[in-house]
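Just below is one structure, and these are the notes that go with it.
The values are calculated or read from the model by the stated rules, or taken from the named source; none is laboratory data. Everything quoted here is computed from the prediction, not taken from an experiment. Here Cβ is always computed from backbone atoms with ideal geometry, including for glycine, and neighbour counts include all displayed protein chains.
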Amino acid sequence: MLKLLIALKGKLTRLYYILQIKLFLLLKVLKIKLITLSHILLIKTKLVYIYFLSLSKYKQYTVAGILLSILTLILTLNIHNHNTLKELQQLAKQTAARYNVDTALIFAIIKQESGWKPNVISSAGAIGLMQIMPSTGKWACGLTRKELFEPDKNLDCGIRYFRQQLKTFGNVKLALCAYNAGPGNVKHGRCPPFKETTQYARNILRMWNQ
């Protein structure tokens, strides 16, 4: 009976994560449609403004057109940014839970690495939310450079790779140093004496402990 319950629990857990992924993809499609709709609305608003500007002899029509355009633009930007951040945070939370890594720690890493910008590229060439180098993404996760721009794949790869560092070094600070500078630079139970890595680990630990 116990084995049956354990097997059932495993199947339910797998089904849960599959449904989460499908729900995320559905929300992604809906978000794209919403953004497209908002862009269409913005274009139409601009056309209305141009119409008022060309036909009207009264200043109040021009002002009304300007205000309408500005309001639509603000609403468009707010919808896009709010939904994106909320969606990314939810996905990061789910991925952290899947790999049994503290969510607050992952949030701190993402904040330090990319500021929650999925398309950011560092001067060194690291990509996305978890700032993964293309070479690391390829050998550690089997991802192409293009795939690293996809938030779900970037998070999965980055969090999985960070968990490996936690297992290897058994310490959050050392794992952070390994994630930033490479595991080969963490020797004798100490972080490498790199100013950037020292500041990196310090910033994340501070955010995590707040």
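Cβ-Cβ distances below 8 Å connect the following pairs, each with a first residue in region 167-178 that is under 17 Å from W208 (Cα atoms), a second residue that is β-branched (V, I, T) and at pLDDT 95 or above, and a separation of six or more residues or different chains: L174/V186; A175/T168; L176/I109; L176/I204; C177/V186; C177/T197. May I ask you to verify whether L88 is outside the structural domain of T197 (by TED's automatic domain parsing) and surrounded by 16 or more Cβ atoms within 10 Å (Cβ to Cβ)? Answer is yes for this residue. If you go through region 151-177 and keep only what is of a type in the set (G, A, S) and in contact with a Phe, Trp or Tyr (Cβ under 6 Å, 6 or more places away or on another chain), you end up with just A175.
Go through region 116-137 residue by residue and tally those that are in a helix (DSSP H, G or I) and touching a helix residue (DSSP H, G or I) at 6+ places or on another chain (Cβ under 9 Å). First the steps, then the outcome.
Going through region 116-137, the residues in a helix (DSSP H, G or I) turn out to be 134-137.
In the following step, the residues that additionally are touching a helix residue (DSSP H, G or I) at 6+ places or on another chain (Cβ under 9 Å) were identified as 134, 136-137.
The total comes to 3.
Taking the residues in region 112-143 that are among the polar types (S, T, N, Q) and at negative phi as candidates, determine which candidate is surrounded by the most Cβ atoms within 10 Å (Cβ to Cβ). So that I can check it myself, show each step before the final result.
The first filter runs over region 112-143 and keeps only residues among the polar types (S, T, N, Q), leaving 112, 114, 119, 122-123, 131, 135-136.
Applying the additional criterion that residues be at negative phi yields 112, 114, 119, 122-123, 135-136.
Values: Q112: 20, S114: 22, N119: 10, S122: 12, S123: 5, S135: 10, T136: 20.
Filtering first and then ranking leaves S114.
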